[in-house]
Amino acid sequence: MQTQEMTRTKAPAGAGDAILSVNNIEVIYDHVILVLKGVSLTIPRGGIVALLGANGAGKTTTLKAISNLLGAERGEVTKGKIVFKGDEVQALSPNDLVRKGCIQVMEGRHCFGHLSIEENLLTGAYTRKDGAAAIKADLEMVYNYFPRLRERRQSQAGYTSGGEQQMCAIGRALMSRPEMILLDEPSMGLAPQLVEEIFEIVKQLNEREGVSFLLAEQNTNVALRYATYGYILEAGRIVLDGDAKALRDNEDVKEFYLGVGGEGRKSFRNVKHYKRRKRWLA
Ligand SMILES: Nc1ncnc2c1ncn2[C@@H]1O[C@H](COP(=O)(O)OP(=O)(O)OP(=O)(O)O)[C@@H](O)[C@H]1O
Ligand SMILES: [Mg+2]
């Protein structure tokens, strides 16, 4: 367990072979709004790493910086660098990055509502040039991981459930044959049982297909059960990082993020008020 001052020298176990490293980045929107203030993260090859934090902490901004999608938001990485498999991502287009194996599943699912589930999945193969047979085989692989999608393959995505749309969004990302998936709030708006089902599939994809994951989540509880390592982001800074188990057992994390502190769950609205008491800011 490390505080911010020490994170620069610390990395998750096995990080010697990092698939992704984010080094001290700063992100500014509209030339003036400073949102990320020196964020560093390491994702080991084959790891599942959780990026945790409340509303507006900067999770989505971090993921968009990694997948080089900030331009569309008038955002810019103004300091630091991000390296995926040896290349600086700022030098690659978002499409090149997908071809190289890094893809983001956006917050809020974003399926094409007027297309069928299967048509949505096939749109995920747009960067590939290895032919129809390979794409068909991967479609089968996606259906094996997500049997619900096979059942709903002909359904118009807009009329499927939130859980099915989240599965469709992950399935579509898989169709690009990624080595790393940036998954933004997969639990958002879903019933606990479905959240569990989706995280189980993430775990299987990690173990069987070797896909590395960076999971942005407000749902600290579920994320820390599936991730091996976690970072906690507050107001654009990493305030704490460590092995998932150590974070689960940490008193501050319990109090502020797991809602199991002595006095019961504290609302995020009150976090600011309690901030001075946090041991990691002391
Ligand atoms: N395009 C934008 N222009 C200006 N400010 C932005 C933009 N996008 C996000 N922000 C601001 O950046 C901060 C971080 O937002 P971000 O969406 O990265 O947080 P988040 O941790 O993903 O939050 P949530 O859990 O609500 O999704 C917020 O204060 C937000 O208002
Ligand atoms: Mg977000």
Only one of Gly86, Gly47, Gly75, Gly80 is more than 13 Å from ligand 1 (Cβ to nearest atom) and in contact with an Asp or Glu (Cβ under 9 Å, 6 or more places away or on another chain), namely Gly80
Of the residues in segment 185-231 that are in contact with a Gly (Cβ under 6 Å, 6 or more places away or on another chain) and closer than 22 Å to Thr61 by Cβ, the one that is modelled with the lowest pLDDT is Gly189
Selection from segment 123-174 of residues surrounded by 18 or more Cβ atoms within 10 Å (Cβ to Cβ) and of a type in the set (Asp, Glu) yields Asp138, Glu164
Taking first residues from segment 64-75 that are over 15 Å from Leu34 (Cβ atoms) and polar (S, T, N, Q) and second residues anywhere that are away from ligand 2 (no atom under 13 Å from the Cβ) and part of a helix (DSSP H, G or I), the pairs with Cβ under 7 Å that are 6 or more apart or on different chains are Ser67/Pro94; Ser67/Leu97; Asn68/Val89; Asn68/Gln90; Asn68/Pro94; Asn68/Leu97
Item to check | Selection status of Phe199, open to solvent by less than 10 Å² (accessible area, probe 1.4 Å) and either within 16 Å of ligand 2 (Cβ to nearest atom) or closer than 23 Å to Leu20 by Cβ (or both) | outcome: yes
Matching residues in segment 16-40 (touching a residue at least 60 places away in the same chain (Cβ under 8 Å), on the phi > 0 side of the Ramachandran plot and open to solvent by 40 Å² or more (accessible area, probe 1.4 Å)) number 0
Those residues of segment 41-58 which are open to solvent by 10 Å² or more (accessible area, probe 1.4 Å), within 13 Å of ligand 2 (Cβ to nearest atom) and at negative phi amount to Ala54, Asn55
Check: Would it be correct to say that Leu194 is buried (at least 22 other Cβ atoms within 10 Å of the Cβ) and among the aliphatic types (A, V, I, L, M)?
Finding: no
Just to be sure, is Glu88 open to solvent by 40 Å² or more (accessible area, probe 1.4 Å) and at pLDDT 95 or above? yes
Flagged in segment 95-118 as over 20 Å from the mean Cα position of the chain (by Cα) and surrounded by 16 or more Cβ atoms within 10 Å (Cβ to Cβ), in numbering order, are Leu115, Ser116, Ile117, Glu118
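The values are calculated or read from the model by the stated rules, or taken from the named source; none is laboratory data. Owing to the predicted nature of the structure, the values given are computational and were not obtained by experimental measurement. Reconstructed Cβ throughout: ideal geometry from the backbone, glycine too, with neighbour counts over all protein chains shown. SASA here: full protein model, heavy atoms, side chains in, ligands and nucleic acids out. Shrake-Rupley method; radii C 1.70, N 1.55, O 1.52, S 1.80 Å.
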